[in-house]
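The structure under discussion appears below in the form of structure tokens.
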Amino acid sequence: MIQIGEKIPAVEVTVAGTEGHKKVNVAELFAGKKVVLFALPGAFTPTCSAAHLPGYVVHADDLKAKGVDMIACLSVNDAFVMQAWGESQNAEQITMIADGGAALTQALGLVLDTGDFGGIRSQRYAMVLEDGVVKLLNVEAPNSFEVSKAEAVLQAL
């Protein structure tokens, strides 16, 4: 698993947006920025839709007031799902990242195998990166939702 002080791997993902989908290298996307990256098991799933993403939508301005340049939400879903989910959650200030093949999730060592539920997914976590270097990494225990909340990241900043 990636550790504090390490650089995010140079892996390609898709940023899903209303202007279309764009393949990007996350190392380049996060270069020179203070980024809050949070990941979750799946778009449109109960905790993710009722609390995780909405918390970051509500606290986006608070995070930016603490010097955060970008707030990014990652899930092992395709770009069309991530775009539709972002739109349904009014997540205009959140960069929606589709890790469709789980390449970044695997490179980070944060894979969650959900079996028949959805297969390979991401563990639930939040990290703060500065110029691509991990400064904070909060990985949730199984079936928990405490340390990756927007409020927990705000408190840590």
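The values are calculated or read from the model by the stated rules, or taken from the named source; none is laboratory data. Quantities reported herein were computed from a predicted structural model and do not represent experimental measurements. When we count neighbours, we look across all protein chains shown, and the Cβ atoms used for this are built from the backbone with ideal geometry, even at glycine. Heavy atoms of the whole protein, side chains included, go into the accessibility calculation; ligands, DNA and RNA do not. Shrake-Rupley method; radii C 1.70, N 1.55, O 1.52, S 1.80 Å.
Things to note:
- Near pairs, Cβ below 6 angstrom, 6+ apart or cross-chain, from region 17-33 (more than 16 Å from ASN77 (Cα to Cα) and without any contact (Cβ under 8 Å) to a residue 24 or more places away in the chain) to any residue that is not polar (S, T, N, Q) and not in a helix (DSSP H, G or I): ASN25/ALA10; ASN25/GLU12
- Residue list for region 71-81, filter: of a type outside the set (Asp, Glu) and either open to solvent by 40 Å² or more (accessible area, probe 1.4 Å) or within 11 Å of the chain's Cα centre (by Cα) (or both): ILE71, ALA72, CYS73, LEU74, SER75, VAL76, PHE80, VAL81
- Just so you know, in region 25-53 the residues that are open to solvent by 20 Å² or more (accessible area, probe 1.4 Å), of a type outside the set (Ser, Thr, Tyr) and not in a loop (DSSP other than H, G, I, E, B) include one that is nearest to LEU112 (Cα to Cα), and it is PRO46.
- Residues satisfying the stated conditions in region 4-24, i.e. open to solvent by less than 50 Å² (accessible area, probe 1.4 Å) and assigned to a strand (DSSP E or B): VAL13, THR14, VAL15, ALA16, GLY17, GLY20, VAL24
Quick grid of which residues meet (1) open to solvent by less than 50 Å² (accessible area, probe 1.4 Å); (2) assigned to a strand (DSSP E or B); (3) under 20 Å from VAL57 (Cα atoms); (4) among the hydroxyl-bearing types (Ser, Thr, Tyr):
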site	(1), (2), (3), (4)
GLY86	yes, no, yes, no
ASN90	no, no, yes, no
THR95	yes, yes, yes, yes
GLY100	no, no, no, no
GLN106	no, no, no, no
ASP116	no, no, no, no
MET127	yes, yes, yes, no
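- Cross-chain or 6+ apart pairs with Cβ under 6 Å, region 116-141 first and basic (Lys, Arg), then surrounded by fewer than 16 Cβ atoms within 10 Å (Cβ to Cβ): ARG121/THR114
- Unmet criterion (only one of (1) modelled with pLDDT of 95 or more; (2) farther than 21 Å from LEU29 by Cβ; (3) among the small types (Gly, Ala, Ser)) for ALA150: (2)
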